[in-house]
Amino acid sequence: MPRAARRRPIRLRLTLVYTGLFLLAGAALLGVTYGLVAQSLGTSLPPYGHAAAGYAAQAVKICEATIRDPTALAKCTAQAQRSLTGAAKASAAFQRDQTLRHLLYYCLGALAVVAVVSAWLGWIVAGRALRPVHAITAAARAASEENLGERIALAGPQDELKELADTFDAMLARLDAAFASQRRFVADASHELRTPLTVMRTAIDVTLAKPGRTQAQLESMAAEVRSAVDRAEALIEALLTLARSDRGHGPREPLDVAVLAEDALDAAARAIKARPVSVEAALRPGPTRGDPVLIERLVTNLVDNAVRHNVPDGWVQVATGTRGGMAFVEVANGGPPIPEEVVPSLFDPFRRLSERAGAAEGTGLGLSIVRSVAVAHHGHVTARARPAGGLEVSVLLPAHSC
């Protein structure tokens, strides 16, 4: 029993509970039965039978044979009747006590048998009831970063244990997806970081391999290395921003997305002019509260993406304001057609369309940072492909009264 208590404490407790309930129910039933039997077996004198009547007649005959005085005869007869009645009552009481004593022994024996049987059945029932829990425990013990594909897949009625198993399966599925996304992110980040390093190494090796290096060649190599360094720095900064937004910790200050959108358009003025693209801005106050660095990065990424992934002589529309208790930023741009089924993948790190992959200045983290920042501030992002080409992205953040 101590070893069973250490190995299966819940099962043992359930068994004890089941046994206790059986004992209480059995004791109550046997108590009621004993009381009813005791009440039915009264101490009053039962009606005379043939044997008792014969004893009474014999006593009367003896009195008549030995006593002639009528008064004495009456007393003798009455005394005989009283003696017979007392003997009958004593016999009835003895029989009642004997019957109740036997009934009590039988009840206690039956209760002991019921206790043993109920403990055995309770142990079996508790084991079967806890079998799904053992399966969940085994799955949790076997789950690891390399073995998240296992599922419990518990069959049976829709009860609490089935709900627990389904919840655990859903948790394993989310963990599996998160680890897969993390591994994919690390692989993509390594590839993206390796590209500028490869460019720098190639430029340096090619230049140094030339026997007569000129000043112009060295300056060209330096410019190429500087461009690769800038790209690597931009990528590292984007990765740090993404990591900071994923943590969700940072200062919270009142700010206006309209002001941030105006600053982002001013910062992108040179790129807008170089494309060129036309800009339409409808900037209404959109007060919210959050990390000013992250929210600024969110708005800047939306504007930069709209300008960078556009077509010559294209257009960009930027709108801000409040709607339904939320501050919003909406950025739409013209561009090549985008299949609707690939729009959700644009929020994955380092995921680009083939038309966008040629943008050397991009890091592939713009929309990933936008989504991460929005989620960290209890907002959400939606995107849709425009039928005529281009993309429209809408970000909603909780409004805040400044």
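Bear in mind these aren't lab numbers, they're just calculated from the coordinates by the rules spelled out. Bear in mind that the values here come from a model prediction, so they are computed numbers and not experimental data. Glycine gets a Cβ as well: all are built from the backbone with ideal geometry, and neighbour counts include every protein chain shown.
Structure data summary
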read-out: Amide H partners (placed H, <5 Å) of Trp315, local residues excluded; value: Ser278, Gly334
read-out: Overall Cα dimensions of the range 160-242 - principal axes, largest extent first, Å; value: 79, 23, 8
read-out: Normalised convex hull volume, the range 85-241, alpha-carbon set, Å³ per residue; value: 171
read-out: Cβ-based exposure ranking for Tyr105, Tyr18, Tyr34, in which fewest neighbours within 10 Å come first; value: Tyr105, Tyr34, Tyr18
read-out: Likely footprinting exposure, Phe179, Phe94, Phe168, fewest C-beta neighbours within 10 Å first; value: Phe94, Phe179, Phe168
read-out: Ala281 long-range amide H proximity, modeled H, under 5 Å; value: Val318
read-out: Prolate/oblate/rounded label for the range 250-398 (Cα gyration tensor, a/c 1.5); value: prolate
read-out: Cβ-placed point charges (K, R +1; D, E -1), dipole of the range 160-242 about Cα centre in debye, nearest 20; value: 580
read-out: Summed residue charge, Cβ within 15 Å of Ala332's Cβ, Lys/Arg positive, Asp/Glu negative; value: -1
read-out: Taking His400, His309, His378 and counting other C-beta atoms within 10 Å, the order from fewest to most; value: His378, His400, His309
